[in-house]
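Note sheet for the following structure.
The values are calculated or read from the model by the stated rules, or taken from the named source; none is laboratory data. None of these values were measured; they are calculated from a predicted model. Virtual Cβ from ideal backbone geometry, glycine too; neighbours counted across all protein chains shown. Ligands, DNA and RNA are excluded from the accessible area calculation, which covers all protein heavy atoms including side chains. Shrake-Rupley method; radii C 1.70, N 1.55, O 1.52, S 1.80 Å.
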Amino acid sequence: MGYMGERTEEKVARKLAKKQKLVNVAAKRMKADLVLKNATYLNVFSSEFCVGDIAVSDGLIAGVGEYEGVREVDVSGKFVCPGLIDAHIHLESSMVSPAEFARAVVRHGTTTVICDPHEIANVMGVDGIRYMMEATEGLPLDVHFMLPSCVPATDMDESGAKLDFRAIDEWYAHPRVLGLAEMMNYVGVTRADPFAISQILASQAHHKKIDGHAPGLSGAELNAYIAAGVYSDHECYTFENALEKLRLGQFIMIREGTAAKNLKALAPILTQARESRCMFATDDKHPIDLLTGGHIDYIIKEAIARGVDPVIAIKVASHNAARYFLLNNKGAIAPGYLADMVVFDDFRSFNVLQVFKRGREVFDGENVIMEQPKVEEGLSARAHDTFRAPFVTEERLAAGTLPMMGVKAHELITPNLGTADGYDAPRDVAKMALVERHHNTGHVGLGYVQGFGLKSGALASSISHDSHNVIAIGTCDRDLALAVNRILEMKGGVCVVDGGKVVAELSLPVAGIMSDEPLETVNEKLERAKAVAYALGAQRGIDPFMTLSFMALPVIPHLKLTTHGMFDVDRWALA
């Protein structure tokens, strides 16, 4: 007991010394650790750009004005803004380790992400949450977590685990956990389903946030959803729906990712009267977009190009998310705030020149400075062994008349197109299969899809939101079976088959959804697979694998594929 008391006293003494130093630096009695000299910085409180020195002490901003520092960086002629925040992302969607993701986005000015680990949780349960916690420890950006609310997304799914509020309750005490992630089972919430409502009540009992996911929800059902305690939504794809949700008190996450691109429709909401209720999010980001397009900085540039005031665009990308998630020491350049800062050139190009995280330079214009996190060996081994399914045969994939979904470019909505009797190349009708891979049930859901464009061969992937069974689309049963079986053989990945041969593939051995390889290598292999898919006729207006992955998510209208067959989301029943 005496030893613990001494350690507590030491901790208090350290905190006292740091606070005294901060005050002394702010009062100019001591030099700062770091000073950004002559900065033109965004003042998020007065919504204007101010000029001055930014002084940093032990990772906190001590003051702005005129300061001297042990290290001084002249940023004359450049702009400085708070570190950028992604309000909602599934890190697993990058297909790489969290460390590789960090290496990609820090150079774009992202210093904080709010992560929902429900992809890996649907495969590994609580172990998946633990894996992501360990794999994000000590990165040069802060990774906060919203606990998965829907594992599985619906009762129609067959995922690797089922988590109720009891399974995740202890995680609310973790300092990096901010609340309950997107409540995708909006039908369950609006119908007062005990399982869904219990998840919300548990988060509220810990005084945490609850994020939403309710595409197209309106009127009385939207009132019911919000009344239950859902505070935000990132599934707004029309201005009218976003405005309705905002007027009823929700915060709007404007999503611009790889699969769903909603900024064009929602940019008009970013006015001085409404911007405080808005944030930017990517939701899902594929490697090519991270490497060539950017991250939150890309959304800022696109928003400004669409006529949004630059001050508003940057506040939405930083300050607003910090306020919503109660990250009270983030999102501003002001005394006492974390020294998370981005130095950039101008508003038109928004080229990030330097990034500081807690006053430490983590991007110097060329390199991201970071260490690799370590995941406990046994946990890593479990993450690399998540497949329990037998190979499928051509006969198992045989089918007659089945429901058929459609494909819409840049949207996750898949219309219900009635039925089809079989493969029909002239009408662009292909077969889909979803193979359960977690519990060796042998379940295989089948259906048809029109508009994907595939003229030959088959595609398959173990990324199928959110249960991550093996999903495939093909033009003949032989290639369809081969594609599925290759994914099972690799224990996760994506592949393209044509003429009875595997012609492109990417292995994803971590829970069947992430690679151990560098981002550039993953991107090269994935882009090769996409190129082959396009050569086989896949529609150029879509990302074939990202589009395929969302065809199995039965919480987005109108028709989706489950391991039991096609699911009519509007009727909430098998089609």
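Return the distance in nm (one decimal) between the two label points of a simple spin-label model at ALA535 and VAL503, each offset 7 Å from Cα along Cα→Cβ.
Modelled inter-label distance: 0.6 nm.
Check LEU34: other-chain or 5+ apart residues with amide H under 5 Å from its amide H, H built from backbone geometry?
Here VAL56, VAL70, ARG71 satisfy the definition.
Could you pull out every residue, at least 5 positions away or on a different chain, whose amide H is within less than 5 Å of the one on LEU147? Hs are placed 1.01 Å off N in the peptide plane, and Pro or chain starts have none.
When sequence neighbours closer than 5 places are left aside, the close amide H contacts are LEU178, GLY179, LEU180, ALA181.
For VAL429, list long-range residues whose amide hydrogen, built 1.01 Å from N in the peptide plane, is under 5 Å from its own amide hydrogen.
Residues meeting the amide H criterion: ASP424.
What dipole magnitude, in Debye to the nearest 20, does region 138-195 give about its Cα centre under +1 on Lys/Arg Cβ and -1 on Asp/Glu Cβ?
120 debye
What are the ³J(HN,Hα) couplings of region 343-356, residue after residue, when phi is run through the Karplus curve with 6.51, -1.76, 1.60 and θ = phi - 60°? Round to Hz, x for glycine and proline.
Once θ is set to phi - 60°, the couplings for region 343-356 become 9, 9, 7, 7, 7, 6, 9, 6, 6, 7, 9, 8, 9, 10 Hz.
Placing +1 at every Lys and Arg Cβ and -1 at every Asp and Glu Cβ, with all other atoms neutral, what dipole size does region 112-164 have around its Cα centre, in debye to the nearest 20?
So the dipole magnitude of region 112-164 works out to roughly 80 debye.
Report relative contact order for the chain in percent, whole number only (criteria: Cα-Cα under 8 Å, sequence separation at least 6). Please list the in-between numbers first.
Numbers: 1427 pairs, mean separation 82.6, N = 575.
Relative CO of the chain lands at 14 percent.
Using only helices, what value at 222 nm comes out for the chain when you add -39,500 (n - 2.57) per DSSP H run of length 4 or more and divide by the total residues, to the nearest 500 deg cm²/dmol? Intermediate results must be reported in sequence, preceding the final value.
Values: 18 runs with 166 residues, N = 575.
When only DSSP H runs of four or more count, the value is -8000 deg cm²/dmol.
Under 24 Å Cα to Cα from LYS18, which lysines show up? Leave out anything in the same chain fewer than 8 places away.
LYS28, LYS31, LYS37, LYS330, LYS357
Show me, for region 446-459, the HN-Hα J-couplings you get by feeding each phi into the Karplus relation (A = 6.51, B = -1.76, C = 1.60, θ = phi - 60°), rounded to Hz, glycine and proline as x.
Whole-Hz 3J(HN,Hα) from phi for region 446-459: 10, x, 10, 9, 10, x, 6, x, 4, 9, 7, x, 7, 10.
Using θ = phi - 60° and the Karplus form 6.51 cos²θ - 1.76 cosθ + 1.60, what ³J(HN,Hα) does each residue of region 85-90 get, whole Hz, x for Gly and Pro?
These are the phi-based 3J(HN,Hα) values: 10, 8, 6, 6, 8, 9 Hz.
With every protein chain left in place, what is the accessible area per residue of the chain in square angstrom, probe 1.4 Å?
37 Å²
Can you tell me the alpha carbon radius of gyration of the chain divided by the globular rule-of-thumb value 2.2 N^0.38 Å?
Working: Rg = 24.3 Å, N = 575, 2.2 N^0.38 = 24.6 Å.
Against the empirical 2.2 N^0.38 Å value, I get 0.99 for the chain.
Mind running the shape call on region 1-152? Use the C-alpha gyration tensor, a ≥ b ≥ c as the square roots of the eigenvalues: rounded below 1.5 for a/c, prolate if a/b tops b/c, oblate otherwise.
oblate
For a test of the definition: using alpha carbon positions, the gyration tensor, and the 1.5 limit on a/c, classify region 236-364 as rounded, prolate or oblate.
oblate
Going by the alpha-carbon gyration tensor, a ≥ b ≥ c the square roots of its eigenvalues, is region 443-509 rounded (a/c under 1.5) or, if a/c is not under 1.5, prolate (a/b greater than b/c) versus oblate?
In terms of gyration-tensor shape, oblate.
With an 8 Å Cα cut-off and a minimum separation of 6 or more residues, compute the relative contact order for region 1-116 in percent. Mind showing how you got there, number by number?
Details: 177 pairs, mean separation 25.1, N = 116.
Averaging sequence separation for qualifying contacts and normalising by length gives 22 percent for region 1-116.
Counting only protein heavy atoms and a 1.4 Å probe, tell me what percentage of the chain's accessible area is made up of carbon and sulfur.
Taking all protein chains in place, the chain shows 51 percent carbon and sulfur surface.
Given the options ILE312, PRO287, ILE299, identify the residue whose Cα lies farthest towards the positive end of the charge dipole of region 264-343 (+1 on Cβ of Lys, Arg; -1 on Cβ of Asp, Glu).
Working it through, the farthest residue towards the positive pole turns out to be ILE312.
Below 17 Å, Cα to Cα, which lysines can LYS455 reach? Residues fewer than 8 away in the same chain don't count.
Cross-link targets: LYS431, LYS501, LYS530.
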